[in-house]
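The values are calculated or read from the model by the stated rules, or taken from the named source; none is laboratory data. This is a predicted model, so every value here is computed, not measured. Note that each Cβ is placed from the backbone with ideal geometry, even for glycine, and that neighbours are counted across all protein chains shown.
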Amino acid sequence: MAAALDPTDEAEGSHRRSGEMAKYEIQILAERCTGCLRCALACSDLYSGSFNPSRSRIQLLVSEDDWSIELGEECNECGVCVDHCFYGAMQKIRREGDG
């Protein structure tokens, strides 16, 4: 079984605790989303220690013929969701002034 990501582990990217300033702006490209939930599973694993999309800071909303992706209020835009998306449904844009 894979270990949960550590929000302070720099080797895994810029994933940080919620109290820190966001490093990225997350842009959503919902038309590329397949609804696979990899983003939500990675987020929930990182921040709650479980693979449970309902505990994720990103939510996929499904209607009859459309997907919608929403970042919740607790989202710190760490980018773990983007890092785990196979389909390019999200992009990380480095915030100005962040090294």
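Here are the numbers:
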{"item": "Per-region count, segment 71-99, residues of a type in the set (A, V, I, L, M, F, W, C) and part of a loop (DSSP other than H, G, I, E, B)", "result": "5"}
{"item": "Which numbered condition Y47 fails, given (1) touching a strand residue (DSSP E or B) at 6+ places or on another chain (Cβ under 9 Å); (2) assigned to a helix (DSSP H, G or I)", "result": "(1)"}
{"item": "Residue in segment 56-75 that is touching a helix residue (DSSP H, G or I) at 6+ places or on another chain (Cβ under 7 Å) and either over 14 Å from A40 (Cβ atoms) or of a type in the set (D, E, K, R) (or both) present", "result": "yes"}
{"item": "Identity of the residue in segment 50-70, part of a strand (DSSP E or B) and among the polar types (S, T, N, Q), that ends up modelled with the lowest pLDDT", "result": "S63"}
{"item": "Residue that is surrounded by the most Cβ atoms within 10 Å (Cβ to Cβ) [pool: residues in segment 37-72 that are within 18 Å of Q91 (Cβ to Cβ) and over 13 Å from the mean Cα position of the chain (by Cα)]", "result": "W67"}
{"item": "G99, sole failed condition from (1) touching a His at 6+ places or on another chain (Cβ under 8 Å); (2) at pLDDT below 95", "result": "(1)"}
